[in-house]
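Read-outs: derived from the displayed coordinates by stated rules, not from any lab. Owing to the predicted nature of the structure, the values given are computational and were not obtained by experimental measurement. Backbone-built Cβ (ideal geometry, glycine too); neighbour counts: all protein chains shown.
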């Protein structure tokens, strides 16, 4: 038997997630203001896992089995990210994302990790490392950060590889559909040490 307070908590969490998704969809279409930078990139999580095991472990309902996997990209990447940029950003695995962040005073954003949610279930999630610093020139508002492909194997979630590669031309085409008069620049990424 589940505690009523716990049910209310999860219901509220679900409402917040839905509201965040709606806000995230709206945000993608807006131009960044002078104090923001728009990051464009892609995260691909390649898994070879026993999905039935994960499904059964979290006691999901049958309809959940058809849900796609989601990736939660960071809500904050610098201390300048305040409440106006602090929203959840869920994207489908392998799709291009567009996300606003506050321009950092120190000139870099810290991209530590992403959360991978099996079957779009926020409790069936694993955190996967990125560990990159994104250099943000003061005069730049649109940055392409590349594609990160993370290969995960086994039910103990062993990370076999984290690859980073450039699909700028593909991203530029999608970017131009949203911002035809703007220039998308490649970002410089350095490892976080």
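Values computed for the structure shown
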| read-out | value |
| --- | --- |
| Burial ordering of 121, 100, fewest other beta-carbon atoms within 10 Å first | 121, 100 |
| Residue order, fewest to most surrounding Cβ atoms within 10 angstrom, among 131, 53 | 53, 131 |
| Shape metrics for segment 41-193, restricted to C-alpha atoms - Rg then Dmax, Å | 16.5, 50 |
| Long-range Cα-Cα pairs in segment 126-180 (distance over 17 Å), rounded percent | 55 percent |
